[in-house]
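First the structure, in the form of structure tokens, and then the observations on it.
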């Protein structure tokens, strides 16, 4: 295993700068996910770590040693891709043995390692089969096993389960998590699927447009997103946003959305005293933290109109219009309402976040002693 450090790392393809000077430290034995939309630079970053892409600028370190000039085969990096890339004419045993034969392992060492990895990956009973005799999930397990045979310092996974069906993905996620806990390899996982990243990783690096917007635990990036991109990208259904004005009256602060006045979330009170709230803010609240009332009350004060109700079995998703902005709300499955029905909303104040409308960065709340 190895720690990994990326220092001012850049990658440029002709006129396109795919990675724009990122810095990141990955601890020995950590499971780190690179998460972001297509074209954000996550795969280019992984390929530079593997040595498959030349580095335009910056440095990569394994255990403090700069490896920019180290050949890919000498980096002790293993990769698993979305495609299995198995040799169709070779048995599972020979597919696993192939990289060891190329490295000139002895026959006894090779056989011991292949069978050891096959046991760990629960594919020992498949060693005599050919790839076409395996299910897609079994083929993926063989692909992962082959990457593990050489005892890598860093294990790189580039969207390895995105093509599997829902049930297989859930099973493979649990399997990868248990594999990391057992082997304690340094793992870097590239995905556009937030569910995979949140379920698997110790920490997540959320990327967009060649930059890292935030690095943190799944809990940190879900509950305390650094900017509106992270807030909107993480979570399903996605975060709701309202563009508001900040209004201060004496020592009280309010948020104003097209004439609708809302109380400030209590965690921002220290900023009110210091008059450090931007004039224009974006209020953000997740669909789980909005409550619906059929009548106006002291709690339900925000008027809305039902657009549509989507029953999903265990929950319902209600889309509503608050003047010109559409919000989504997660409710109990027995919630019933008609289209265009007038309702009233209450935001959970402790779960409501504010972002500066100009910078789109989170409005920072002072840490309480």
Check: Taking the range 1-38 on its own, how many of its residues are more than 15 Å from the chain's Cα centre (by Cα) and either over 22 Å from residue 173 (Cβ atoms) or assigned to a strand (DSSP E or B) (or both)?
Finding: 26
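Rundown of residues vs (1) farther than 30 Å from residue 239 by Cβ; (2) assigned by TED's automatic domain parsing to the domain that holds residue 219; (3) surrounded by fewer than 16 Cβ atoms within 10 Å (Cβ to Cβ), yes/no style:
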position	(1), (2), (3)
107	yes, yes, yes
131	yes, yes, no
135	yes, yes, yes
161	no, yes, no
199	no, yes, no
205	no, yes, no
Margin query: If I filter the range 100-115 for residues that are in a loop (DSSP other than H, G, I, E, B), within 28 Å of residue 2 (Cα to Cα) and modelled with pLDDT under 85, do I get at least one hit?
Written below: yes
Next item on the list: Evaluate the range 134-142: report whether one residue or more is more than 26 Å from residue 38 (Cβ to Cβ) and assigned to a loop (DSSP other than H, G, I, E, B).
Entry: yes
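Could you say whether any residue in the range 13-24 is under 20 Å from residue 185 (Cα atoms), surrounded by fewer than 21 Cβ atoms within 10 Å (Cβ to Cβ) and touching a residue at least 12 places away in the same chain (Cβ under 8 Å)? Even if it seems obvious, please write down each step before you answer.
Applying the first criterion (under 20 Å from residue 185 (Cα atoms)) to the range 13-24 yields 24.
Those still in the list that are surrounded by fewer than 21 Cβ atoms within 10 Å (Cβ to Cβ) too: 24.
Subsequent filtering for residues that are touching a residue at least 12 places away in the same chain (Cβ under 8 Å) retains 24.
Yes: the range 13-24 contains one or more residues that are under 20 Å from residue 185 (Cα atoms), surrounded by fewer than 21 Cβ atoms within 10 Å (Cβ to Cβ) and touching a residue at least 12 places away in the same chain (Cβ under 8 Å).
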Next item on the list: Having 1 or more residues that are within 30 Å of residue 48 (Cβ to Cβ) is the bar; report the strands (runs of 3 or more DSSP E) wholly within the range 210-315 that clear it.
Entry: 211-216
Check: Within the range 343-366, how many residues turn out to be under 18 Å from residue 301 (Cα atoms), surrounded by fewer than 18 Cβ atoms within 10 Å (Cβ to Cβ) and touching a strand residue (DSSP E or B) at 6+ places or on another chain (Cβ under 6 Å)?
Finding: 2
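The values are calculated or read from the model by the stated rules, or taken from the named source; none is laboratory data. These numbers come from a predicted model, not from an experiment. In this analysis, Cβ positions are derived from the backbone assuming ideal geometry, glycine residues included, and neighbour counts consider all displayed protein chains.
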